[in-house]
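**Student:** Questions regarding the structure given below will be posed in turn.
The values are calculated or read from the model by the stated rules, or taken from the named source; none is laboratory data. Just so it is clear, the model here is predicted, and its values are computed rather than measured. As a convention, Cβ positions derive from the backbone with ideal geometry for all residues, glycine included, and neighbour counts pool all protein chains shown. Surface accessibility is based on the protein's heavy atoms, side chains included, excluding ligands, DNA and RNA. Shrake-Rupley method; radii C 1.70, N 1.55, O 1.52, S 1.80 Å.
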Amino acid sequence: MLAEIKGLNEECGIFGVWGHQDAAQLTYYGLHSLQHRGQEGTGIVVSDGKTLKGVKGEGLVSEIFTANVMQELTGDAAIGHVRYATAGGGGYENVQPLLFHSQSGSLALAHNGNLVNVNSLKHQLEAQGSIFQTSSDTEVLAHLMKRSGYSDSKDRAKNALSMLKGAYAYLIMTETELMVALDPHGLRPLSLGCLGGAYVVASETCAFDVVGAEYIRDIEPGELLIINDDGITSERFAVSTTKAICTMEYIYFSRPDSDIQGINVHTARKNLGKRMAIEAPIEADVVTGVPDSSISAAIGYAEASGIPYEMGLIKNRYVGRTFIQPSQTLREQGVKMKLSPVRGVVEGKRVIMVDDSIVRGTTSRRIVTMLKDAGATEVHVVISSPPIKNPCFYGIDTSTKEELIASGNSVEEIRELIGADSLTFLSVEGMIEAIGKKDGDGTEGYCLGCFTGKYPTEIYPDTLQYYYQK
Ligand code: SF4
């Protein structure tokens, strides 16, 4: 059971198009711009109005979708997915979109997020005769829709979605329509755009820029959009909704050129860095950021503190992100392959090293050592987010509570473990103010679960058992 639950643990990107003759090509480019959200598998399903056809595989978008493969994907509508999976959830069968065929028609599903009641739903469905092809939680929605008893696809989707708990941004495509759904807390980002007369949907707005689409709006929590040849309609499947967008999307996950709920990610990160300069004033010679996600925060810190920003660390662009490597061995090896210090910048200097977060501490320790080996006289680590003390149940791989360095260690203990001269984290209040999101009702509308332990949804016992195992 543990492997099954661990298999639910994923962070992904989704992209969809309705009403464009180059739907598959646009999806290719959209997925390419979302590649940072998952590099282990990818797929595209197209609709020509009569049938659904899909191609998927384990690897990068550019590896799976060769020119020959793309020629086969014809149709005016498409959905696509890039996937990250932990060790228990890999494998071809779990790569999305998932495609189902039945006598009443076909259905393709692409999902970003993580359901927290998937095991109880699977038990119920199996007791009723369902057989699952994958260990992914995404498949549950297809079974719930099929068993709902409604004849109309919109009613089937609404009924099934109302049974799900957790984080989900779904693209649901049949031969004749594309449905788009976001969970009642809007935990994962999902935006709607247009390209001429076509509609596009993406996890991040950077995908719109790449395909030349115009941003229309974000999908609302608890909303079901139905897009077909007659246009677009919006329905609600959840009456009670409370916005709680994942704060880590601003801090780490999303691309700096994306806007989430009206806030540019680079600007949010820069403001987090500026706030750190107020909360953690340090005497030093140079500020540097851990590429790529911490550069914006480092620029913000430098700007607010007056200490010059320098490129003290260089990233090898042809190595994947260590945060998303599935095993500890690969993760440790990955740090060495990925980053190099710039000796000419750090030698003989007191360095402020800005990073966006500390998860297990391994990466921070290696970077501090690297900077000191390159001649830095002092390394002060400034983290532009609060300590991650609790696991994420909604699709971000922070692993178990025991693996999180901040769950069992004080700030001073972490400082010692990573070998830094000082270590400072951002306060929760500072983070909320720095990102600066304000919802219509005046609430901030963030998920802070991994920082505060207060989650926006109920967490089910079998999920807790895995994440808090000793
Ligand atoms: S628990 Fe943390 S990582 Fe998970 S959704 Fe909430 S803010 Fe994001």
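**Student:** Residue check: is Thr74 over 16 Å from Leu109 (Cα atoms), among the polar types (S, T, N, Q) and in contact (Cβ under 8 Å) with a residue 12 or more places away in the chain? Talk me through it step by step, then tell me what you get.
**Tutor:** Values: over 16 Å from Leu109 (Cα atoms): yes; among the polar types (S, T, N, Q): yes; in contact (Cβ under 8 Å) with a residue 12 or more places away in the chain: yes.
Criteria met by Thr74.
**Student:** Scanning the stretch 73-86 for residues that are at pLDDT 95 or above and not β-branched (Val, Ile, Thr), which turns out nearest to the chain's Cα centre (by Cα)?
**Tutor:** For the stretch 73-86, the residue satisfying everything is His81.
**Student:** Restricting attention to the stretch 363-383, and to residues there that are hydroxyl-bearing (Ser, Thr, Tyr) and modelled with pLDDT under 95, which single residue is farthest from the chain's Cα centre (by Cα)?
**Tutor:** Ser364
**Student:** What tally of residues in the stretch 403-432 results from selecting those that are away from the ligand (no atom under 16 Å from the Cβ), among the hydrophobic types (A, V, I, L, M, F, W, C) and either surrounded by fewer than 16 Cβ atoms within 10 Å (Cβ to Cβ) or outside any loop (DSSP other than H, G, I, E, B) (or both)?
**Tutor:** Within the stretch 403-432, residues that are away from the ligand (no atom under 16 Å from the Cβ), among the hydrophobic types (A, V, I, L, M, F, W, C) and either surrounded by fewer than 16 Cβ atoms within 10 Å (Cβ to Cβ) or outside any loop (DSSP other than H, G, I, E, B) (or both) number 5.
**Student:** Could you check how many residues of the stretch 165-184 are open to solvent by 10 Å² or more (accessible area, probe 1.4 Å), within 16 Å of the ligand (Cβ to nearest atom) and within 20 Å of Ala108 (Cβ to Cβ)?
**Tutor:** Of the residues in the stretch 165-184, 0 are open to solvent by 10 Å² or more (accessible area, probe 1.4 Å), within 16 Å of the ligand (Cβ to nearest atom) and within 20 Å of Ala108 (Cβ to Cβ).
**Student:** Kindly evaluate Phe208 against the criterion of being hydrophobic (A, V, I, L, M, F, W, C) and surrounded by fewer than 24 Cβ atoms within 10 Å (Cβ to Cβ).
**Tutor:** Spelling it out, it is not the case that Phe208 is hydrophobic (A, V, I, L, M, F, W, C) and surrounded by fewer than 24 Cβ atoms within 10 Å (Cβ to Cβ).
**Student:** Continuing with this model, one more query. In this structure, is Lys243 open to solvent by 30 Å² or more (accessible area, probe 1.4 Å) and modelled with pLDDT of 95 or more? Can you show your working first?
**Tutor:** Working: open to solvent by 30 Å² or more (accessible area, probe 1.4 Å): yes; modelled with pLDDT of 95 or more: no.
Here the answer is no, as Lys243 does not meet what is asked.
**Student:** Does any residue in the stretch 255-272 that is closer than 14 Å to Ile299 by Cβ and in a strand (DSSP E or B) come within less than 9 Å, Cβ to Cβ, of a residue that is open to solvent by 50 Å² or more (accessible area, probe 1.4 Å) and modelled with pLDDT of 95 or more six or more places away or on a different chain, and which pairs are these?
**Tutor:** Matching pairs, first to second residue: Asn264/Pro256; Asn264/Asp257.
**Student:** Please determine, by comparing only the residues of the stretch 211-224 that are out of contact with any Phe, Trp or Tyr (no Cβ under 9 Å at 6 or more places or on another chain) and outside any loop (DSSP other than H, G, I, E, B), which one is surrounded by the most Cβ atoms within 10 Å (Cβ to Cβ).
**Tutor:** Going through the qualifying residues, I end up with Asp218.
**Student:** Which members of the stretch 23-54 meet the condition of being in a loop (DSSP other than H, G, I, E, B), of a type outside the set (S, T, N, Q) and closer than 19 Å to Cys206 by Cβ?
**Tutor:** Residues satisfying the conditions are Leu34, Gly38.
**Student:** Out of all the residues in the stretch 56-79, is one or more buried (at least 19 other Cβ atoms within 10 Å of the Cβ) and under 30 Å from Pro456 (Cβ atoms)?
**Tutor:** Yes, that holds for at least one residue.
**Student:** Restricting to the stretch 369-383, name every residue that is away from the ligand (no atom under 16 Å from the Cβ) and surrounded by 23 or more Cβ atoms within 10 Å (Cβ to Cβ).
**Tutor:** To start, the set of residues in the stretch 369-383 that are away from the ligand (no atom under 16 Å from the Cβ) comprises 369-382.
Correct list: Leu371, Ala376, Val379, Val381, Val382.
**Student:** Follow-up. Quick check: is even one residue across the stretch 396-408 in contact (Cβ under 8 Å) with a residue 60 or more places away in the chain, closer than 23 Å to Gly449 by Cβ and touching a strand residue (DSSP E or B) at 6+ places or on another chain (Cβ under 8 Å)?
**Tutor:** Yes, the conditions are met somewhere in the stretch 396-408.
**Student:** Find all pairs meeting these conditions: Cβ atoms under 8 angstrom apart; at least six residues apart or on different chains; first residue within the stretch 333-356 and more than 20 Å from Val382 (Cβ to Cβ) and modelled with pLDDT under 95; second residue of a type in the set (D, E, K, R) and in a helix (DSSP H, G or I).
**Tutor:** Lys336/Arg366
**Student:** Quick check on Gly395: is it at pLDDT 90 or above, in contact with a Lys or Arg (Cβ under 9 Å, 6 or more places away or on another chain) and not charged (D, E, K, R)?
**Tutor:** Considered against the rule, which asks whether it is at pLDDT 90 or above, in contact with a Lys or Arg (Cβ under 9 Å, 6 or more places away or on another chain) and not charged (D, E, K, R), Gly395 comes out as no.
**Student:** Can you name the number of the only condition in (1) modelled with pLDDT under 95; (2) crowded, with 20+ Cβ neighbours inside 10 Å that Lys438 fails?
**Tutor:** Going through the list (1) modelled with pLDDT under 95; (2) crowded, with 20+ Cβ neighbours inside 10 Å, Lys438 breaks only (2).
**Student:** Can you tell me which residue in the stretch 384-402 is surrounded by the fewest Cβ atoms within 10 Å (Cβ to Cβ), limited to those that are more than 11 Å from the ligand (Cβ to nearest atom) and under 20 Å from the mean Cα position of the chain (by Cα)?
**Tutor:** By that ranking, first place goes to Thr400.
**Student:** Still on this structure, please answer the following. Quick one: would you say Ile227 is open to solvent by 10 Å² or more (accessible area, probe 1.4 Å), modelled with pLDDT of 95 or more and more than 23 Å from Val265 (Cα to Cα)?
**Tutor:** Details: open to solvent by 10 Å² or more (accessible area, probe 1.4 Å): no; modelled with pLDDT of 95 or more: yes; more than 23 Å from Val265 (Cα to Cα): yes.
Here the answer is no, as Ile227 does not meet what is asked.
**Student:** Of the numbered conditions (1) of a type outside the set (Gly, Ala, Ser); (2) farther than 22 Å from Ala24 by Cβ; (3) more than 16 Å from the ligand (Cβ to nearest atom), Leu187 satisfies every one except a single condition; which is it?
**Tutor:** (3) is the only condition that Leu187 fails.
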